[in-house]
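Encoded as structure tokens, the structure appears first; notes follow it.
The values are calculated or read from the model by the stated rules, or taken from the named source; none is laboratory data. These numbers were taken from a predicted model, which means no experiment stands behind them. All Cβ positions, even for glycine, are placed from backbone atoms using ideal geometry, and neighbour counts span all protein chains on display.
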Amino acid sequence: MYVCICHGVTDQDIRQAADAGCGSLTELTMRTGLGSGCGTCGEFAREILDEARGVKAFPLAVFAAAA
């Protein structure tokens, strides 16, 4: 599925970038252009990237700091 329409980036592209060592949304933007157009895809792209990297989301800052 397309995540970034502006640059034609798919969820599979994001997963492949994660497998190649991409570790942040900033790096993903540098690799793919994702998020540098209208920017509405950023949060969803971050979720896919985190999922592909196996990062657990902690809703409270104290839990995130403990991880």
Which residue, of 51, 47, 43, is surrounded by fewer than 12 Cβ atoms within 10 Å (Cβ to Cβ), modelled with pLDDT of 90 or more and closer than 18 Å to residue 1 by Cα? 43
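Can you tell me which residue in segment 1-30 is surrounded by the most Cβ atoms within 10 Å (Cβ to Cβ), limited to those that are part of a helix (DSSP H, G or I) and touching a Lys or Arg at 6+ places or on another chain (Cβ under 7 Å)?
Taking segment 1-30 first, the residues part of a helix (DSSP H, G or I) are 11-19, 25-30.
Subsequent filtering for residues that are touching a Lys or Arg at 6+ places or on another chain (Cβ under 7 Å) retains 17-18, 25.
Values: 17: 22, 18: 19, 25: 17.
It comes out as 17.
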